[in-house]
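Have a look at the structure below, then the notes.
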Amino acid sequence: MMKELDKTYSPQDNEDKIYDIWEKSGFFNPDNLPLPKEAPRYTIILPPPNITDKLHMGHAAMVAIEDLLIRYKRLSGYRSLWLPGTDHAAIATQNVVEKKLLKETGRTRHDLGREPFLAEVNKFLKTTQGEILHQMRKLGASLDWSRLAFTLDEARQRAVRRMFKDMYEAGAIYRGERIVNWCPRCHSTLADDEVEYKEEKAKLYWIKYGPFILATTRPETKLGDTAVAVHPDDERYQGWVGQEIEIPGVLGKFKVRVVADYAVDREFGTGVIKVTPAHDFTDSEIAARHGLAAKKIIDEDGRMMANCGKYSGLTTREAREAIVADMEQLGLIDHIEENYDHNGAVCYRCGSIIEPLPSQQWFVAVDKKLDRLGGRSLKEKALAVARDGSISFTPERFTKRYNDWMENLHDWCISRQIWFGHQVPVWYRGEEIYVGEKAPESEGWQQDQDTLDTWFSSSLWTFSTLGWPENFPTGGKTGDLARFHPTQVLETGYEIITLWVSRMIMMSLFALGEIPFERVYLHGMILDKEGKKMSKSKGNGVDPLVMIEKFGADATRLSIIMGFTPGNDSRFSEEKVEAKRNFVNKLWNIARYILSTGKPSAQIAAPVARTAADRWILGELDKLIRETTARLDNLEFSLAAEELHDFTWNKLADWYLEIAKIEKGKEEISLYILRNLLILWHPFIPYVTETIWQSFNDSLLMTGVWPPAAGQGEQDAATGFSLLRDVITAIRNARSENKIEPARKLEAVIYGGSRTAILKDQVELIRGLRTGLAEVKIQETGEKVASAIAIAVGEIEIYLIGAVDSAKEKERLIKERAKLEKLIAAQSGKLSNQEFISRAPQTIVAAERDKLASYQTELEKIITIISGL
């Protein structure tokens, strides 16, 4: 039964009802799709948003792009799985709950104790999880909710414990003391890529260091120095290398060794650096190469230790001021450079200053050769799959960023000194250690109190969500893991290529011996109106629900997709959403008009074209189907949307439907176009397209069939329709440029030359398509018409009679002549370029030559008309 569409489209009245129909259909679950058993699979695993707060427009971009892809593949006959989940975001969530607890009760997590505090976290996450899932549903996300996962649920805990055990037994995980990034506020380690660098103006202290003068931003760490280093090729200091020298200091004299190391930058300061192995990563590596001792002087609270004498207990900033004052009294300060540009390392979650310090932690050994990887390391294997094309990056430039990161990757510290998260699956009893998937049964064992880095659990995301390890018994993959892994696309933000993408690749290669995804699509960031990154912690994120309530989910999605290219940031603007709402309304009105003209049929084959306009629009639709398919296959979402927009508003609404009012008998073709257009638009704007579809279909558009190209081809040259559009557009432009009021009717004389027959066939359209012509005379050639507005379209001459101002007309034609001369110069330059002529297909070269000839013919006519005036 066909239902009449309302006069205006209301997202608020339709979206929730449509989503309810989709969800109840069960077709979000690929197992329920009406497809043959051998249908190809397509999988996207949703990057799990963290549970610290609701989604903002940056997350909405992720949802819109991935839903677009999964709907396109579902329509294309793929058994498409889009698997949802959320991330426990250990440090971030613990910080949020701690702040909330302190603000509301005045108590810290230590006041509560571990278990009561974790109970508070669990209450918090249930609320935010619910809000996030609601937001995704409102955006139209066709996720398979039956497979919903959480990085800290029981299935993921089993996977994490198994992975830790397997890696430990393979030698890929070890416990040891190494220098780490330490946050005194969070009281936890951070991975290298969890450290942010903030530009600041600092002081550069030039200190007298025995026989040297050297520059440092941290004079307080002098208390932990065990060496000085110079560059091996620096001739100034060759005589000092290998010597042990005595240095005067604020706590008395101490000895250091002079070493030569290529890590030293000869251009920094005097080319001499002090070496503090316990509190600087570069210094630690220098110490390892030269067998230097390390002296720890800063504790986990960011304070000077008891071995620092009178400075013990001071924060590093306090100690710096006190030590510099004492050094000045001792004459050990040469000078102080103010406003030195310095990148300060801070915690990415709380903003506290990071202290590098030695600590006993758990690490993933990225350089260790592993038998299960064929004698290669995790790093080598992860680099290989990017270099051999097994995994590709879009945009391609991010391949270099990935490779650079992996090549310089150090062992990954995975233990964190926080309470919320996966507790390290290791137990201790005296000197004994037990690593396992569950606690040992005998008494006296104590589990490691640390938790694992959030990125460790989320690095298992593509396969733990598909049933690993249960679906990976000896002999290969089973169940969902066999059907849906590797996944086809990872779509995520470029800022986490190091934090997450690289680690997922390493872990999948280790656990399964295969890549986790074939392609990585990296979207840019959605920025606020000031051009700043939207952030939950900064509070400048725009809630997509606000935009949905105001303009609808389709408009919100389309405003993100159009103009948003991979790897590039985009500013959010409410005006963009409003403009896309206007387009959604335009599509609704187009559908209402077409559906009012006739009864839709289930016809799939293209109807017979009877006129030039029919052949043109069917050819354009055929081209649109081919181009949209190619664009989506190449992940060119914005270009696909722009071409669909142009066809819908310009070619269909502004031209073909206007022609239909004149030529009549277009109902069958118009309905055929509408049916296909709704399918093409559905991945972008699913709600309005489904609502229109269901007004004349019993089936769901969501499970429709993507249209094949009908083979109509581009028929412009044969039908002459492009010529008709050029003539009508030229007449409209001439009226506008000469400020002729719309109601004023003119007469037209057209000399068509070799195109006369085509124009005579279209005379009713030339007069009827908003040209304001009362009469049109068309003949092959004739005399110039005096006191008329003259227009040249290639070889065609058009004279508009009844509204000429000779002076203004001459001025207009002179401008037109200048424009054509520029076009001819540019076209001639292109055709004189031998590289273009030799490389371009001959059909393209011939088309460019035809274009030049057309410009030259038009110019000749303009010059003749000007001389006549």
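The values are calculated or read from the model by the stated rules, or taken from the named source; none is laboratory data. Because the structure is a prediction, the values reported are computed rather than measured. Note that we place each Cβ from the backbone using ideal geometry, even for glycine, and neighbour counts take in every protein chain shown. Ligands, DNA and RNA are excluded from the accessible area calculation, which covers all protein heavy atoms including side chains. Shrake-Rupley method; radii C 1.70, N 1.55, O 1.52, S 1.80 Å.
One line per residue, one yes/no per condition, for (1) under 23 Å from residue 185 (Cβ atoms); (2) among the charged types (D, E, K, R); (3) surrounded by 17 or more Cβ atoms within 10 Å (Cβ to Cβ):
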site: 287; (1), (2), (3): no, no, yes
site: 294; (1), (2), (3): no, no, yes
site: 304; (1), (2), (3): yes, no, yes
site: 312; (1), (2), (3): yes, no, no
site: 316; (1), (2), (3): yes, no, yes
site: 319; (1), (2), (3): yes, no, yes
site: 324; (1), (2), (3): no, no, yes
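Go through the range 448-480 and give me each residue that's within 24 Å of residue 67 (Cβ to Cβ) and not in a loop (DSSP other than H, G, I, E, B).
458, 461, 462, 463, 464, 480
Restricting attention to the range 372-388, does a residue exist that is in contact (Cβ under 8 Å) with a residue 24 or more places away in the chain, of a type outside the set (A, V, I, L, M) and open to solvent by 80 Å² or more (accessible area, probe 1.4 Å)?
Checked against the condition, which is being in contact (Cβ under 8 Å) with a residue 24 or more places away in the chain, of a type outside the set (A, V, I, L, M) and open to solvent by 80 Å² or more (accessible area, probe 1.4 Å), the range 372-388 yields at least one hit.
Of (1) part of a helix (DSSP H, G or I); (2) modelled with pLDDT of 90 or more; (3) open to solvent by 20 Å² or more (accessible area, probe 1.4 Å); (4) not charged (D, E, K, R), residue 718 satisfies all except one. Which?
The failed condition is (2).
Just to check your reading of the model, which residue among 225, 265 is open to solvent by less than 80 Å² (accessible area, probe 1.4 Å) and charged (D, E, K, R)?
Exactly one of 225, 265 is open to solvent by less than 80 Å² (accessible area, probe 1.4 Å) and charged (D, E, K, R), namely 225.
Which of the residues spanning the range 427-447 are free of Cβ contacts under 8 Å to residues at least 60 places away in the same chain and either surrounded by 21 or more Cβ atoms within 10 Å (Cβ to Cβ) or part of a loop (DSSP other than H, G, I, E, B) (or both)?
430, 431, 439, 440, 441, 442, 443, 444, 445 - these are the residues of the range 427-447 that are free of Cβ contacts under 8 Å to residues at least 60 places away in the same chain and either surrounded by 21 or more Cβ atoms within 10 Å (Cβ to Cβ) or part of a loop (DSSP other than H, G, I, E, B) (or both).
Going by the structure shown, is residue 505 at pLDDT 95 or above, part of a loop (DSSP other than H, G, I, E, B) and closer than 25 Å to residue 405 by Cα?
no
Against the conditions (1) among the β-branched types (Val, Ile, Thr); (2) open to solvent by less than 20 Å² (accessible area, probe 1.4 Å); (3) more than 24 Å from residue 146 (Cα to Cα); (4) part of a strand (DSSP E or B), where does residue 497 fall short? Just the number, please.
Among (1) among the β-branched types (Val, Ile, Thr); (2) open to solvent by less than 20 Å² (accessible area, probe 1.4 Å); (3) more than 24 Å from residue 146 (Cα to Cα); (4) part of a strand (DSSP E or B), the lone unmet condition for residue 497 is (4).
Among the residues of the range 658-703, which ones are surrounded by fewer than 18 Cβ atoms within 10 Å (Cβ to Cβ) and either aromatic (Phe, Trp, Tyr) or closer than 15 Å to residue 647 by Cα (or both)?
The answer is 658, and nothing else.
Need pairs with beta-carbon distance below 8 Å; first residue farther than 22 Å from residue 787 by Cβ and within the range 838-866, second open to solvent by 80 Å² or more (accessible area, probe 1.4 Å) and charged (D, E, K, R); sequence gap 6+ or separate chains.
848/830; 859/821
Just one of (1) under 19 Å from residue 278 (Cα atoms); (2) touching a strand residue (DSSP E or B) at 6+ places or on another chain (Cβ under 6 Å) trips up residue 249, so point out which.
(2)
Going by the conditions given, is residue 334 more than 23 Å from residue 488 (Cα to Cα), out of contact with any Cys (no Cβ under 8 Å at 6 or more places or on another chain), open to solvent by 40 Å² or more (accessible area, probe 1.4 Å) and in a helix (DSSP H, G or I)?
Answer is no for this residue.
Those residues that are assigned to a helix (DSSP H, G or I) and either among the polar types (S, T, N, Q) or buried (at least 17 other Cβ atoms within 10 Å of the Cβ) (or both), I need them from the range 780-816; list them, please.
806, 809, 812, 813, 816, listed by residue number.
Could you look through the range 1-15, keep only residues that are part of a helix (DSSP H, G or I) and touching a residue at least 12 places away in the same chain (Cβ under 8 Å), and pick out the one that is most open to solvent (accessible area, probe 1.4 Å)?
Across the range 1-15, the extreme among qualifying residues is 12.
Within the range 80-102, how many residues turn out to be surrounded by 14 or more Cβ atoms within 10 Å (Cβ to Cβ) and either in a helix (DSSP H, G or I) or over 31 Å from the mean Cα position of the chain (by Cα) (or both)?
10
Go through the range 201-217 residue by residue and tally those that are over 13 Å from residue 343 (Cα atoms) and not in a strand (DSSP E or B).
2
Might you let me know whether the range 464-483 holds any residue that is at pLDDT 95 or above, among the acidic types (Asp, Glu) and closer than 30 Å to residue 519 by Cα?
yes
Please specify each residue of the range 768-789 satisfying the condition of being charged (D, E, K, R) and in contact (Cβ under 8 Å) with a residue 12 or more places away in the chain.
770, 775, 777, 780, 784
Cβ-Cβ distance below 8 Å, separation of 6 or more or different chains: which pairs start in the range 252-272 with a residue that is farther than 20 Å from residue 285 by Cα and end on one that is assigned to a loop (DSSP other than H, G, I, E, B)?
254/225
Got a number for residues in the range 168-200 being in a loop (DSSP other than H, G, I, E, B) and open to solvent by 10 Å² or more (accessible area, probe 1.4 Å)?
So the count comes out to 4.
Which ones in the range 746-772 are part of a loop (DSSP other than H, G, I, E, B) and either among the hydroxyl-bearing types (Ser, Thr, Tyr) or surrounded by 14 or more Cβ atoms within 10 Å (Cβ to Cβ) (or both)?
752, 762, 769, 771, 772
Residue-by-condition table, conditions (1) open to solvent by 10 Å² or more (accessible area, probe 1.4 Å); (2) part of a helix (DSSP H, G or I):
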| position | (1), (2) |
| --- | --- |
| 43 | no, no |
| 63 | no, yes |
| 73 | yes, yes |
| 104 | yes, yes |
| 119 | yes, yes |
| 123 | yes, yes |
| 127 | yes, yes |
| 134 | yes, yes |
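Among the residues of the range 337-365, count how many are under 27 Å from the mean Cα position of the chain (by Cα) and open to solvent by less than 70 Å² (accessible area, probe 1.4 Å).
6
Residues to consider are 647, 572; find the one that is open to solvent by less than 10 Å² (accessible area, probe 1.4 Å) and either within 30 Å of residue 398 (Cβ to Cβ) or aromatic (Phe, Trp, Tyr) (or both).
That would be 647, the only listed residue that is open to solvent by less than 10 Å² (accessible area, probe 1.4 Å) and either within 30 Å of residue 398 (Cβ to Cβ) or aromatic (Phe, Trp, Tyr) (or both).
Which of the residues belonging to the range 659-706 are in a loop (DSSP other than H, G, I, E, B), of a type in the set (Val, Ile, Thr) and either farther than 20 Å from residue 556 by Cβ or touching a Pro at 6+ places or on another chain (Cβ under 8 Å) (or both)?
705
Go through 549, 518, 491 for me and flag whichever is open to solvent by less than 40 Å² (accessible area, probe 1.4 Å), at pLDDT 95 or above and either outside any helix (DSSP H, G or I) or at negative phi (or both).
491
Run residue 607 past the list (1) without any contact (Cβ under 8 Å) to a residue 60 or more places away in the chain; (2) not in a helix (DSSP H, G or I); (3) not aliphatic (A, V, I, L, M) and report the number of the one that doesn't hold.
All conditions pass for residue 607, except number (1).
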